[in-house]
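Undergrad: What follows is a structure written as structure tokens; I'll ask about it next.
The values are calculated or read from the model by the stated rules, or taken from the named source; none is laboratory data. A quick note: this is a predicted structure, and the numbers were derived from the prediction, not measured. A quick note on method: Cβ atoms are made from the backbone with ideal geometry, for glycine too, and the neighbour counts reach across all protein chains shown.
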Amino acid sequence: MNVIEVSGLTYRYGQFVAVAGVDFTVRQGEIFALLGTNGAGKTTTLEIIEGFRKPAAGRVRVFGLDPYADRPALSARTGVMSQQTGLIGELTALETLNLWAGLTSRKDSAQALLSTVELSHRANVPVDKLSGGERRRLDFALAIWGRPPLVILDEPTTGLDPESRQELWETVEHLRETGTSVLLTTHYLEEAQALADHVAIMHESRIQVAGTLSQVLSEQPARITAKVPDVELPKLLGEVSLDNGQLTVQTRDMQADLYELLLWADRNAIRLHDLNATQASLQEIFLAIGKA
Ligand code: ATP
């Protein structure tokens, strides 16, 4: 089942086209990562899906409803964590959650949620006195308050230390296990790589690459590296470079080239030191898109 359907989405700030014909779907129970360069149009896209902006053209449906026209109905089913925190400095973490309890129809326990986001020990500390990372975790707690079936997170881990980031990932994974759909943006490619079922990469207002992680990763050649002796190399499908005994093969058929290389090493009784075979990383794909 599709929770979010976006087709031909276009949005303008005055004459400037911030989102130009974007299409994607988020299925129930998946984590979908919208990645992209700065200013690519990710936040604008999220704000349209959240019902805060009206598209100039195209169609957006969230649980089958128009988010702009049906925002009140959808807000009960959608938890949102924006880039800018809307927290009130004088309220404590616990007071913030209790205030939120009165504003939303979703039900939850403030103490339990503080424990989920590892803030129980900071329950009575005013927001002003929380660290940036702790405020981000409180923002996250508000988004998942009452376990809405859809959670939208705009750069949720920016400002978090590696340990807090890891904990937030685990909570997000747990949400998925319970059937929650998650749409997130991030600049941390390893985050998308660790979490996302589907990714879309935006650049200059458009989605340039989209699919499952393995589909997107297969857009760029894989790489095999090893230290090799000065012996004639086998014929490989990929692009081979040899620099001072360091072999690098950029290949679209890793299995075939790795097989040939191992066969060659075996026949010639060669020990391949530091042998490594890896798929392209999202980082490489990202950089390739930025340069195109
Ligand atoms: P980032 O990763 O830096 O947060 P983004 O992909 O989320 O970027 P958006 O915030 O959606 O990008 O912005 C897309 C483009 O629209 C940018 O060029 C930005 O400068 C422009 N823009 C965003 N908000 C406004 C606004 N209120 N008025 C005019 N232009 C805007």
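Undergrad: Which condition from (1) farther than 27 Å from LEU153 by Cβ; (2) within 16 Å of the ligand (Cβ to nearest atom); (3) of a type in the set (Gly, Ala, Ser) is the one that GLY238 breaks?
TA: Result: GLY238 passes all but (2).
Undergrad: Looking at the stretch 184-218 only, could you name the residues that are outside any strand (DSSP E or B), small (Gly, Ala, Ser) and more than 16 Å from the ligand (Cβ to nearest atom)? Spell out the reasoning first.
TA: We begin by selecting, within the stretch 184-218, every residue outside any strand (DSSP E or B); these are 186-197, 204-205, 213-218.
Retained after the next criterion (residues that are small (Gly, Ala, Ser)): 192, 194, 196, 205, 214, 218.
Listed by number, the residues that qualify are ALA194, ALA196, SER214, SER218.
Undergrad: From (1) small (Gly, Ala, Ser); (2) closer than 26 Å to ASP197 by Cβ; (3) out of contact with any Gly (no Cβ under 9 Å at 6 or more places or on another chain), pick out the condition that doesn't hold for GLY29.
TA: Of everything listed in (1) small (Gly, Ala, Ser); (2) closer than 26 Å to ASP197 by Cβ; (3) out of contact with any Gly (no Cβ under 9 Å at 6 or more places or on another chain), GLY29 misses just condition (3).
Undergrad: Answer yes or no as to whether SER214 is surrounded by fewer than 18 Cβ atoms within 10 Å (Cβ to Cβ) and out of contact with any Leu (no Cβ under 9 Å at 6 or more places or on another chain). Spell out how you get there, then give the answer.
TA: Details: surrounded by fewer than 18 Cβ atoms within 10 Å (Cβ to Cβ): yes; out of contact with any Leu (no Cβ under 9 Å at 6 or more places or on another chain): yes.
For SER214, the condition - surrounded by fewer than 18 Cβ atoms within 10 Å (Cβ to Cβ) and out of contact with any Leu (no Cβ under 9 Å at 6 or more places or on another chain) - is met.
Undergrad: From the set of residues in the stretch 159-182 that are of a type in the set (S, T, N, Q) and over 14 Å from ALA33 (Cβ atoms), which is surrounded by the fewest Cβ atoms within 10 Å (Cβ to Cβ)?
TA: Taking the stretch 159-182 and keeping what is of a type in the set (S, T, N, Q), we get 164, 166, 171, 178, 180-181.
Filter once more, so that each one left must be over 14 Å from ALA33 (Cβ atoms): 164, 166, 171, 178, 180.
Working: SER164: 19, GLN166: 12, THR171: 16, THR178: 9, THR180: 21.
Going through the qualifying residues, I end up with THR178.
Undergrad: Let me ask something additional. Count, please, the residues in the stretch 44-83 that happen to be in contact (Cβ under 8 Å) with a residue 24 or more places away in the chain, within 15 Å of the ligand (Cβ to nearest atom) and charged (D, E, K, R).
TA: Qualifying residue count for the region: 2.
Undergrad: Also: How many residues are without any contact (Cβ under 8 Å) to a residue 60 or more places away in the chain and under 25 Å from ARG77 (Cβ atoms) when one looks only at the stretch 1-36?
TA: As a first pass, look at the stretch 1-36 and keep what is without any contact (Cβ under 8 Å) to a residue 60 or more places away in the chain: 1-2, 5-16, 25.
When the remaining residues are screened for being under 25 Å from ARG77 (Cβ atoms), the result is 1-2, 5-9, 11, 25.
Result for the stretch 1-36: 9.
Undergrad: Go through the stretch 55-150 and tell me which helices (runs of 4 or more DSSP H), entirely inside it, have 1 or more residues that are basic (Lys, Arg) and surrounded by 16 or more Cβ atoms within 10 Å (Cβ to Cβ).
TA: On the way: elements: 71-75, 93-103, 110-116, 132-144.
In the stretch 55-150, 132-144 are the helices (runs of 4 or more DSSP H) which contain 1 or more residues that are basic (Lys, Arg) and surrounded by 16 or more Cβ atoms within 10 Å (Cβ to Cβ).
Undergrad: While we're looking at this one, here's another question. Among the residues that make up the stretch 228-248, is at least one of them in contact (Cβ under 8 Å) with a residue 40 or more places away in the chain, exposed (fewer than 15 other Cβ atoms within 10 Å of the Cβ) and outside the structural domain of GLU30 (by TED's automatic domain parsing)?
TA: Kept after step one, since they are in contact (Cβ under 8 Å) with a residue 40 or more places away in the chain, are these residues of the stretch 228-248: 228-229.
When the remaining residues are screened for being exposed (fewer than 15 other Cβ atoms within 10 Å of the Cβ), the result is 229.
Within this subset, residues satisfying the condition of being outside the structural domain of GLU30 (by TED's automatic domain parsing) are 229.
Yes; the residues of the stretch 228-248 include at least one that is in contact (Cβ under 8 Å) with a residue 40 or more places away in the chain, exposed (fewer than 15 other Cβ atoms within 10 Å of the Cβ) and outside the structural domain of GLU30 (by TED's automatic domain parsing).
Undergrad: Out of the stretch 17-38, which residues are assigned to a loop (DSSP other than H, G, I, E, B) and within 13 Å of the ligand (Cβ to nearest atom)? If you could, list the steps in order and put the result at the bottom.
TA: Quick first cut of the stretch 17-38, residues assigned to a loop (DSSP other than H, G, I, E, B) only: 28-30, 37-38.
Result: THR37, ASN38.
Undergrad: Of the residues GLY41, GLY14, GLY8, only one is within 13 Å of the ligand (Cβ to nearest atom), loosely packed, with under 15 Cβ neighbours inside 10 Å and at positive phi; which?
TA: Details: GLY41 fails: loosely packed, with under 15 Cβ neighbours inside 10 Å; GLY8 fails: within 13 Å of the ligand (Cβ to nearest atom).
Checking each option against the conditions leaves just GLY14.
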